[in-house]
Amino acid sequence: AAVQRGLAQLRQLDFTLYYPPYLNRVSENLLGSDGELEVPEGTEIELAVTPALANKPESAAVLVDGLRVILDVGDQGELHGRFLARRSGQYRFALTVNGEEVVERRGHSLTVYPDHPPKVTRRFPDEPLELETATEVEFLVEAQDDHGVARAELITRMEGSADEVRHPIELKQLGANIRHQGVLDLERLGMRPGD
């Protein structure tokens, strides 16, 4: 019981959040956290914990998402480790003290925001075009994403061919809602009348 009470009081709980690379978000440090986390799906969570125990634990783990993630125990009893945020739930710390494993009585909540696919709408041209010559065609697209649009590309394929060609689009703005106007040079794509 005394060990349980001691474990329930963490002297220091620090996190570093490594967001998925495609989000283009800088890693974030949470020092002196209460342990309640809200992160995008796929965030790697690095933790440093100093438990309020008189004796250094022999081993430690964090129980998250039905998994046991082993933590490193430092010279002064501090705990270090990483886990990946896949879905919402609770996580708890488990320490082995004097040969007996003690699991934290109250867990910490982990809220994971799912990453929904982006929605892209072509505004112009809004219907198929038939052209006499290979020329430049303006286009207008809108895109929305819950975490933000970081990059875009145009994919072309000639009728009758299975090969797709990807062309990066240089976006003038980034964010959750973007509107992009551009020009597609059909001649540069090698298109001729009838293609």
P(r) of segment 110-154 over all Cα-Cα pairs, 5 Å bins starting at 0, rounded to whole percent, reads 5, 14, 21, 18, 13, 10, 7, 5, 3, 2, 1, 0
Please work out which option in (1) 9, 34, 33, 19, 5, 0; (2) 8, 26, 20, 14, 12, 11, 7, 2, 0; (3) 8, 22, 20, 13, 13, 11, 6, 3, 2, 1, 1, 0, 0 gives P(r) over Cα pairs in 10 Å bins from 0, in percent calculated from these coordinates, and answer with its label. (2)
Rel. contact order, % - alpha carbon contacts under 8 angstrom, at least six apart, the chain: 17 percent
What is the set of long-range amide H partners of residue 41 at a cut-off below 5 Å, with H atoms built 1.01 Å from backbone N? 113, 115
Can you pull out the GluC sites (Glu not before Pro) in segment 1-110 whose DSSP state is coil and whose Cβ has at most 10 other Cβ atoms within 10 Å? 36
Accessible area per residue for the chain in Å², computed with a 1.4 Å probe and the full protein assembly in place, what is it? 66 Å²
Candidates per GluC sites (Glu not before Pro) in segment 117-180, loop by DSSP, up to 16 other Cβ within 10 Å: 130, 132, 159, 164, 170
Diffing segment 102-116: the Karplus 3J(HN,Hα) column from phi (6.51, -1.76, 1.60, θ = phi - 60°), in whole Hz with x for Gly and Pro, holds 10, 9, 4, 5, 9, x, 10, 7, 10, 9, 10, 7, x, 9, 7
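The values are calculated or read from the model by the stated rules, or taken from the named source; none is laboratory data. The structure presented is a predicted model; accordingly, all values stated were derived computationally and were not measured. Glycine also receives a Cβ, built like all others from the backbone with ideal geometry; neighbour counts cover every protein chain displayed. We work out accessible area using only protein heavy atoms, side chains counted, and drop any ligands, DNA or RNA first. Shrake-Rupley method; radii C 1.70, N 1.55, O 1.52, S 1.80 Å.
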